[in-house]
């Protein structure tokens with residue numbers, strides 16, 4: 001986890017992913033596109049990728065049913081965040097295709113200080129061409145604690 005000092009914003013810089021979208025199967029591409037829309041704050045379009053009743057569960061047991069809910073809740077933690085994709089794994093199961101997405105987060109704390117290199121992993125269940133379930137884990141709470149210790 002790195003916190004960068006300086007006035008150059010990471011927000012306008014495109015994410016450089018460690019892999020190409022074309023290397024994925026259809027479920028992985030669907031998740032890639034969903035995450036891209038979400039990063040671009042195109043929440044209504046991202047919602048179209050969710051199956052009815054899809055539950056998105058994040059650290060702390062916080063659950064959402066709509067993409068517009070997460071940024072409102074997260075605004076106390078960061079101004080914005082984007083994912084840098086390191087890897088996707090796609091696994092066929094009886095319930096659908098499970099897609100794991102690994103990588104790091106970069107963004108800006110509420111006071112404007114940039115951060116990057118915060119680990120995350122997301123697990124998606126893709127069924128019938130829609131995201132039926134999402135679970136996310138990340139080290140943001142560790143980054144927040146480390147930042148508070150430095151101050």
Has the stretch 118-134 got at least one residue that is farther than 24 Å from residue 65 by Cα and in a strand (DSSP E or B)?
-> yes
Name the residue, out of 90, 86, that is at pLDDT 95 or above, under 14 Å from the mean Cα position of the chain (by Cα), closer than 18 Å to residue 136 by Cβ and surrounded by fewer than 19 Cβ atoms within 10 Å (Cβ to Cβ).
-> 86
Which numbered condition residue 64 fails, given (1) in contact with a helix residue (DSSP H, G or I) (Cβ under 8 Å, 6 or more places away or on another chain); (2) over 21 Å from residue 30 (Cβ atoms); (3) buried (at least 16 other Cβ atoms within 10 Å of the Cβ); (4) without any contact (Cβ under 8 Å) to a residue 24 or more places away in the chain | (2)
Out of (1) on the phi > 0 side of the Ramachandran plot; (2) modelled with pLDDT under 90, what's the single condition that is false for residue 19?
-> (1)
Quick one: which residue in 76, 132, 143 is farther than 18 Å from residue 36 by Cα, in contact (Cβ under 8 Å) with a residue 12 or more places away in the chain and crowded, with 16+ Cβ neighbours inside 10 Å?
-> 143
Considering the stretch 94-117 alone, what residues qualify as being touching a residue at least 12 places away in the same chain (Cβ under 8 Å), over 12 Å from the mean Cα position of the chain (by Cα) and either assigned to a loop (DSSP other than H, G, I, E, B) or farther than 23 Å from residue 25 by Cβ (or both)?
-> 95, 108, 109, 110, 112, 113, 114, 115, 116, 117
Test residue 81 against the criterion of being assigned to a strand (DSSP E or B), at pLDDT below 95, within 28 Å of residue 145 (Cβ to Cβ) and touching a helix residue (DSSP H, G or I) at 6+ places or on another chain (Cβ under 9 Å), and give yes or no.
-> yes
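The values are calculated or read from the model by the stated rules, or taken from the named source; none is laboratory data. Note that the structure is a prediction, hence the values are computed from the model and not measured. All Cβ positions, even for glycine, are placed from backbone atoms using ideal geometry, and neighbour counts span all protein chains on display.
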